[in-house]
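Asker: Structure provided below as structure tokens; questions to follow.
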Amino acid sequence: MRKEAKEIIYIVLDFLESFARTSRENMNLICVNKTALEDVKKELFSLLEQTEKTKSYKRVDKKTELIGTLPSVLINKNKFPTNESIVKLAEKSLNLKIPNWQKKSRNEIIGILIAKIAEKDISELDLFIKAWQEFVEQKEIKKEHAREDFVDLWLKFFEHYKKPFSKSLSQVTTE
């Protein structure tokens, strides 16, 4: 639910509450049934709470989805021909270091990367997840750059994707 919608709901609730305090049954003005008002408030607060839980669940679900799908992409030697290309993705896109990766097998590197992703907070992964989903969905990119290295193509896309985010973040920190 949008922030604006929540604010309006709270304003309406405040208005009804103040209206209920001033209404009287013996007057010809609007009379507010206080029991009904309390029931409506409980339902609205419950609805708002469920919306927040659902939103949080969806974000965690996206992390789980990433953990479930990323290994099958990383194991694809057409997209990630070397272990170094997997490490490059981890370091430049996810800010994750894989120590001594040169001495590890491909499967170990993927396992370590997935375990580190699982340990990260969802808020640290949001940008990557959004960009990754958009990248995977863009078929035009694949056709236009079929000869380019998949990892380099992804990193170019990711850098371009991060720019608006970096600008808005720097604007927030300087204000």
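FYI, it's all coordinate maths here, none of it is from the lab. Given the structure is predicted, the values throughout are model-derived calculations rather than measurements. Heads up, the Cβs are rebuilt from the backbone with ideal geometry, glycines too, and the neighbour counts pull from every protein chain shown.
Asker: Would you kindly calculate the translational diffusion coefficient of the range 71-145, applying Stokes-Einstein with the Kirkwood radius from alpha carbon pairs, for 20 °C and a viscosity of 1.002 mPa s, and quote it in µm² s⁻¹ without decimals?
Answerer: 161
Asker: Treat each spin label as a single point 7 Å out from the Cα along the C-beta direction, and report the residue 115 to residue 84 distance in nm.
Answerer: Simple spin-label model gives 2.5 nm for this pair.
Asker: Still on this structure, please answer the following. Is there a pair in 63/103; 42/62; 77/163; 130/156 whose C-alpha atoms are over 25 Å apart, and which pairs would that be?
Answerer: From 63/103; 42/62; 77/163; 130/156, over 25 Å: 63/103; 42/62; 77/163.
Asker: Set the Förster radius R0 to 22 Å, insert the Cβ-Cβ distance between residue 16 and residue 50 as r into 1/(1 + (r/R0)^6), and round the FRET efficiency to 0.05.
Answerer: The formula returns an efficiency of 0.60 here.
Asker: Run the quick spin-label model on residue 9 and residue 37: label points 7 Å from Cα toward the beta carbon, then report their separation in nm to one decimal.
Answerer: According to this spin-label approximation, the distance is 1.9 nm.
Asker: Determine the gain in length on full extension of the stretch residue 124-residue 160; use 0.36 nm per residue of separation and subtract their C-alpha separation, reporting nm with one decimal.
Answerer: Using 0.36 nm per residue and subtracting the Cα-Cα distance, I get 11.1 nm.
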